[in-house]
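Data block below; observations after.
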Amino acid sequence: YALSGSMWKKRTLTWRILSFPQSSALSQDTVRTLMHHALTTWGIESGLKFQEVGSQGPIEPDILIDFARAYHQDSYPFDGQGGTLAHAFFPGEHSISGDTHFDDEEIWTFGSKDGEGTDLFAVAVHEFGHALGLGHSSAPDSIMRPFYQGPVGDPTKYRLSQDDREGLQQLYGKAPRTPYDEPTRKPLAPPPAPPALPPDSPSFPVPDRCDGNFDAIANIRGETFFFKGPWFWRLQPSGQLVSPRPARLHRFWEGLPSQVKVIQAAYSRYPDGRILLFSGPQFWVFQDRQLEGAARPLAELGLPPGEEVDAVFSWPLNGKTYLVRGQRYWRYDDAAARPDPGYPRDLSLWEGAPHSPDDVTVSNTGDTYFFKGAHYWRFPKGSVKAEPDSPQPMGPEWLDCPAPSAGPGNPKPPKATVKPGTCNCQCEINQ
Amino acid sequence: AQEPAAQDVSLGVDWLTRYGYLPPPHPAQAQLQSPVKLRDAIKVMQRFAGLPETGLLDPVTMATMHKPRCSLPDVLGVAGLVRRRRR
């Protein structure tokens, strides 16, 4: 599956049919029933609920369903019978977000056995997948495949494939379990612990994620990884932690040398998606979870020999890699496979950024986040100026933890880089 | 395999560009479509369509390009569907 990078923040979505197909044998009631079942198909697999609203009411629906032909005031005109059948807009704040359009020149049918016409239920399930934030999939049994695959059977019995479910649940989590849910399959047995590693028993305490102060943080395939010592947590796009208990570093990143105890920085490289883990003056390249080749020197990326790194991230606007150390940063051109000239530069160019950040990531919505201690600084998409309300506590938004109360145990966030300018400073001995 | 007609290649490239497999031609750069990039793009398209990944604009691939489908791009990030438009 593929995620579009946007999702609805709320869990109850409203919908309404703006117009019905002109030349179809389907009655308006049938069309409404099919839309209801198509939305329910996604609802039963996630925490989402859908509510039809009337045209008179004040509510502007999230998902407006329209049967239109040829050019219909968006950039995606239809093309008569055949060819393109329908489209939908991804979630977002725009008024057209979530809207779903069907080509009114198709012959919309339902459950036809003779292969004639186009099955409205099947296409509606597909388009609502887009309206919820899924892209096209190449999985053989996915409803999100780009080409029309014909009817998919009884709408009241139809269930999404595993690929579609996984994509959806990455965004919105699983459906809340009801008392009547009986597990259909035994939970997977935990992988056998290799003898060399100490068992995961309470006698080996795991760090507390609510303390913050992570060694590295990275956005890998839409999930945010928080590294601390030989452990890490995973946060899904839906905001759910994969588990409150951290996973063991060396069991997941296969091939990472056992003497590597701390990951100082991590990121997912653009455009090949390789994952790079940094420790000391070296880094390791992973394809998925397998190590690819030996350790490489950071000098390869333009840093002075022996230099280490605090944070590494890839900036989508130019696809370049940024490597931060202390108050300076370097830049590496992955496309040209060489460091950019004219670096290092001063980190204050990222106005408001803390020096020596724990790590930096770019979120699925394109904002850049600097993390340090138990706080984060947010730079809106494409901007190098921190939000005025930065820093904010990481706990509530990222880790399902309470906000830290400022105190001796929880030092106030470090001062951000001060804007250059004249300074009127009286320093007295007792202050 | 029989070489595809020039017109087929042109139609194929248009289709691959429309659905995000190839980057839209950059007006400033008179960049020739590299055969390697074109072949890779065709392979990804064939995977989405469930076809053998030959990397060639063979007849079955060309025929698939005419099949009914959703009008969203298959490879995102190239032509996302967020348009400025009054509802």
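Computed extension length for A:Cys210-A:Asp154: 15.4 nm, one decimal, from 0.36 nm per residue of separation with the Cα-Cα distance subtracted.
When Rg and Dmax are taken over the Cα atoms of the range A:285-417, they come to 15.9, 48 Å. Here's the picture: a label point sits 7 Å out from the Cα of A:Lys385 along the beta-carbon direction, and within the range A:344-372 the residues with their amide nitrogen under 16 Å of it are A:348-353, A:368.
For A:Leu18 and B:Thr54, what is the calculated FRET efficiency with R₀ set at 45 Å and r taken between the beta-carbons, to the nearest 0.05? Efficiency at R0 = 45 Å is approximately 0.55. For chain A, the longest principal axis of the alpha carbon atoms and the long axis of helix A:28-43 meet at an angle near 30°.
With the convex hull built on the Cα atoms of the range A:40-186, state its orientation-averaged projected area in nm².
10.8 nm²
DSSP finds beta bridges in chain A, and of those with both partners inside it, around 80 percent are antiparallel.
Taking only DSSP H segments of four or more residues, each worth -39500 (n - 2.57), what value at 222 nm results for the protein assembly as shown once the sum is divided by all its residues, to the nearest 500 deg cm²/dmol?
Value at 222 nm, helices only: -4500 deg cm²/dmol.
Rounded to the nearest 20, the Cβ-based charge dipole of the range A:1-86 about its Cα centre (Lys and Arg +1, Asp and Glu -1) stands at 260 debye. Based on the inverse mean of 1/r over its pairs of different Cα atoms, what is the Kirkwood hydrodynamic radius of the range A:258-299, in Å? It works out to 10.5 Å. In chain A, the inverse of the mean reciprocal separation of distinct Cα atoms equals 24.7 Å; this is its Kirkwood hydrodynamic radius. Pairs over the 23 Å Cα-Cα cut-off, from the set A:Lys9/A:Lys49; A:Lys49/B:Lys67; A:Lys49/A:Lys174; A:Lys10/A:Lys372: A:Lys49/B:Lys67; A:Lys10/A:Lys372.
Once both axes come from the Cα atoms, what is the angle between helix A:120-131 and the longest principal axis of chain A, in degrees from 0 to 90, rounded to 10? Here the helix axis deviates by roughly 20 degrees.
For the range A:1-69, the fraction of alpha-carbon pairs lying more than 16 Å apart is 56 percent, rounded to a whole number. Sorting B:Cys70, A:Cys401, A:Cys210 from the fewest to the most surrounding beta carbons within 10 angstrom yields A:Cys210, A:Cys401, B:Cys70. Along its three principal directions, the equivalent ellipsoid of the range A:47-128 from the Cα gyration tensor extends over semi-axes of 24, 16, 12 Å, largest first. Remark on the range A:97-162: hydrodynamic radius 12.6 angstrom, per the Kirkwood mean of 1/r across alpha carbon pairs. With contacts taken as Cα pairs under 8 Å and at least 6 residues apart, the range A:74-179 reaches a relative contact order of 20 percent. Ordering A:Val123, A:Val384, A:Val31 from the fewest to the most neighbouring beta carbons within 10 Å gives A:Val384, A:Val31, A:Val123. Based on Cα contacts under 8 Å between residues 6+ apart, chain A shows a relative contact order of 10 percent.
When each of A:His87, B:His66 is scored by the number of other beta-carbon atoms lying within 10 Å, the sequence from fewest to most is B:His66, A:His87. Put simply, the amide H of A:Thr109, placed in the peptide plane, has neighbours under 5 Å in A:Thr118, A:Asp119, A:Leu120, leaving out anything fewer than 5 places away on its chain.
In the protein assembly as shown, a dipole from Cβ-located charges (positive for Lys and Arg, negative for Asp and Glu) runs towards its positive end, and of A:Ile107, A:Phe370, B:Pro52 it is A:Phe370 whose Cα lies farthest in that direction. For the options A:Pro304, A:Pro237, A:Pro151, a Gaussian network treatment of chain A with springs between C-alpha atoms closer than 10 Å singles out A:Pro304 as fluctuating the most.
Rule-based calculations on the coordinates, nothing more; no lab input. If you're wondering where the values come from, they're calculated on a predicted model, not measured in any experiment. No Cβ is skipped: glycine too gets one built from the backbone with ideal geometry, and neighbour counts run over all protein chains shown.
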